[in-house]
There are 2 protein chains.
Amino acid sequence: MGVMTTRAESAAATRRALLDAAAELLDLGGPEAVTLREVGARAGVSRGAPYRHFTGKDSLLTAVAAESWEGIGDQVHALRTDPALSASEKLRGALRALIDVGRNRPHLYQVLFRRRANLPGQLGDGMDRIRRQLCGPEGDPAVADRAAERFQDEFLDIVAALAGERNARRYGALLLTSAHGIAGMELSGHLDTDKWHTTADELVDTLVRMVTDAGEMT
Amino acid sequence: MGVMTTRAESAAATRRALLDAAAELLDLGGPEAVTLREVGARAGVSRGAPYRHFTGKDSLLTAVAAESWEGIGDQVHALRTDPALSASEKLRGALRALIDVGRNRPHLYQVLFRRRANLPGQLGDGMDRIRRQLCGPEGDPAVADRAAERFQDEFLDIVAALAGERNARRYGALLLTSAHGIAGMELSGHLDTDKWHTTADELVDTLVRMVTDAGEMT
DNA sequence: ATCATACAGTTGACAGTGTCATCTGAACCG
DNA sequence: CGGTTCAGATGACACTGTCAACTGTATGAT
């Protein structure tokens, strides 16, 4: 961490600071709290600086999501290649990793599962501005998609090692979507423990057991 | 539809028009597109009129969500009390009803599962304004919660008729959360059919079959 | 019938916000 | 050394949510 004089180093440092500030604000108060002005202030730069690194606010949030997906992907990769863990433990760990994001960083979790590439459905009047603001121009979403896909690939490999190539995809998709739903409803407060007499963790256990039983996994 | 002269009728009419306009804008461009000014314009009133019927923008969106939950609840109630349907058909229909909302009105679906009553976690600086804007002052969320809970009760009854009181809650929660996750990932574009070799509908089928098998339902 | 009141609706104003056009200065490179 | 590029700063604009003050009319009591 030498004194940074070169322009590239300085730019990279500010970009990093912008991403960190955005993530911090996101955790504090959700996407609405991620103000380009506040992001710039926390990064030590001023209002319009983020536009030198991202095309706009949505692009910044997408970049935060991309980095998070990469982190989650690394986490699941580490689980998958850990020889000390059983296949079942790897699966539970991977599901748990996703759910933990929802618990520890709920706002980020919602950004991770933001709608991408909404349909071109015609929307008249002044909606184009909002459409552009929502889905971003292009470029950044691609890396976020790749990162999210890498996570899914890692997860798929874990399921395949447990259920075989034949059923991996079907059961993997069911496990992943169900875990996402459990996390989402717990996060939104729609999973009332008193009403359902169960918890998110129990649901994950039931789900895994059910799938392993149905799929003749060992 | 007589000529409305009484103040109560007029107020009720504008409230209805406000809700309709908000729902329409929500479908068109998401919550960001629901502008109080545009809502007022489409309802034939002006900027600040909505504040006579709702405490703010979030309150308006919450009211839209409440009405939608009531509609979904009615729909599932109709399914549950339809003597021409088998228990299994009722279950599939209820799950399908929820997923169809996600397909036909994706933005509304996200509002339906908005976080309610976020934790009081301390958030310094100027975050209080955002906190208030996000979760609303109070009053309205209660009716939305009741409506959402009624839907869950209807759904629970359907599952109970199929799996018995003993397992209804555990399996009902799993079915509901999983269906929510399937809908959510399909909606956000994270459920790649090419990658997973399956579709949301197939996942629902697999899920229902798995639960019925595991629960010894008929 | 008269009049005070409540209250739906309007308007003006204000603080923020995302975004762009323009400007500035220093690192870069021939 | 001089021109160029580019990160960053600043001014400006349109738009937003929200509130205070205001207006007019239906309501209800007298």
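Annotation note: of A:Ser46, A:Ser59, A:Ser10, the sole residue that is of a type in the set (Ser, Thr, Tyr) and not in a helix (DSSP H, G or I) is A:Ser46.
For region B:22-31, the set of residues classified as within 10 Å of another protein chain (Cβ to nearest Cβ) and either of a type in the set (A, V, I, L, M, F, W, C) or more than 15 Å from DNA strand C (Cβ to nearest atom) (or both) consists of B:Leu25, B:Asp27, B:Leu28, listed by residue number. Could we say that B:Leu191 is open to solvent by less than 60 Å² (accessible area, probe 1.4 Å), facing another protein chain (nearest Cβ under 8 Å) and not in a helix (DSSP H, G or I) here? Taking the combined requirement at face value, the residue satisfies it. B:Gly71 passes every criterion in (1) free of Cβ contacts under 8 Å to residues at least 12 places away in the same chain; (2) within 14 Å of DNA strand C (Cβ to nearest atom) apart from (2). Residues that are farther than 16 Å from B:Val211 by Cβ and of a type in the set (Asp, Glu) were ranked within region B:72-90; the one that is least open to solvent (accessible area, probe 1.4 Å) is B:Asp82.
Which residue is farthest from DNA strand D (Cβ to nearest atom), if the candidates are limited to region B:32-57 and must be surrounded by fewer than 21 Cβ atoms within 10 Å (Cβ to Cβ) and within 14 Å of chain A (Cβ to nearest Cβ)? Across region B:32-57, the extreme among qualifying residues is B:Arg42. Scan region B:90-119 and report the pairs whose first residue is charged (D, E, K, R) and whose second residue is in a loop (DSSP other than H, G, I, E, B), with Cβ atoms within less than 7 Å and a gap of 6+ or a chain change. Listed by first residue and then by second, the contacts come to B:Arg115/A:Gly189; B:Arg116/A:Gly189. Evaluate the following for B:Ala173: is it surrounded by 23 or more Cβ atoms within 10 Å (Cβ to Cβ), small (Gly, Ala, Ser) and more than 8 Å from chain A (Cβ to nearest Cβ)? Judged against the criteria, B:Ala173 is not a match.
Filtering region B:58-107 to residues that are within 16 Å of DNA strand D (Cβ to nearest atom), within 14 Å of another protein chain (Cβ to nearest Cβ) and among the small types (Gly, Ala, Ser) leaves only B:Ala65.
Regarding A:Thr5, is this residue more than 8 Å from DNA strand D (Cβ to nearest atom), crowded, with 16+ Cβ neighbours inside 10 Å and of a type in the set (S, T, N, Q)? Show your work before the answer.
Values: more than 8 Å from DNA strand D (Cβ to nearest atom): yes; crowded, with 16+ Cβ neighbours inside 10 Å: no; of a type in the set (S, T, N, Q): yes.
Here the answer is no, as A:Thr5 does not meet what is asked.
Taking the criterion of being farther than 15 Å from B:Arg169 by Cβ and touching a residue at least 12 places away in the same chain (Cβ under 8 Å), the residues of region A:180-198 that qualify are A:His180, A:Ala183, A:Gly184, A:Glu186, A:Leu187. Out of curiosity, is A:Gly164 part of a helix (DSSP H, G or I), crowded, with 24+ Cβ neighbours inside 10 Å and either at the interface with chain B (Cβ under 10 Å from one of its Cβ atoms) or modelled with pLDDT under 95 (or both)? No: the conditions fail for A:Gly164. Is region B:105-115 home to any residue that is assigned to a helix (DSSP H, G or I), within 16 Å of DNA strand C (Cβ to nearest atom), modelled with pLDDT of 95 or more and open to solvent by less than 50 Å² (accessible area, probe 1.4 Å)? Within region B:105-115, none of the residues are assigned to a helix (DSSP H, G or I), within 16 Å of DNA strand C (Cβ to nearest atom), modelled with pLDDT of 95 or more and open to solvent by less than 50 Å² (accessible area, probe 1.4 Å). Quick one: in region B:8-21, which of the residues that are open to solvent by 50 Å² or more (accessible area, probe 1.4 Å) and without any contact (Cβ under 8 Å) to a residue 24 or more places away in the chain is farthest from DNA strand C (Cβ to nearest atom)? Across region B:8-21, the extreme among qualifying residues is B:Asp20.
The values are calculated or read from the model by the stated rules, or taken from the named source; none is laboratory data. Small disclaimer: the values here were computed from a predicted structure and weren't measured. Note that we place each Cβ from the backbone using ideal geometry, even for glycine, and neighbour counts take in every protein chain shown. Note: areas computed on protein heavy atoms with side chains; ligands, DNA, RNA excluded. Shrake-Rupley method; radii C 1.70, N 1.55, O 1.52, S 1.80 Å.
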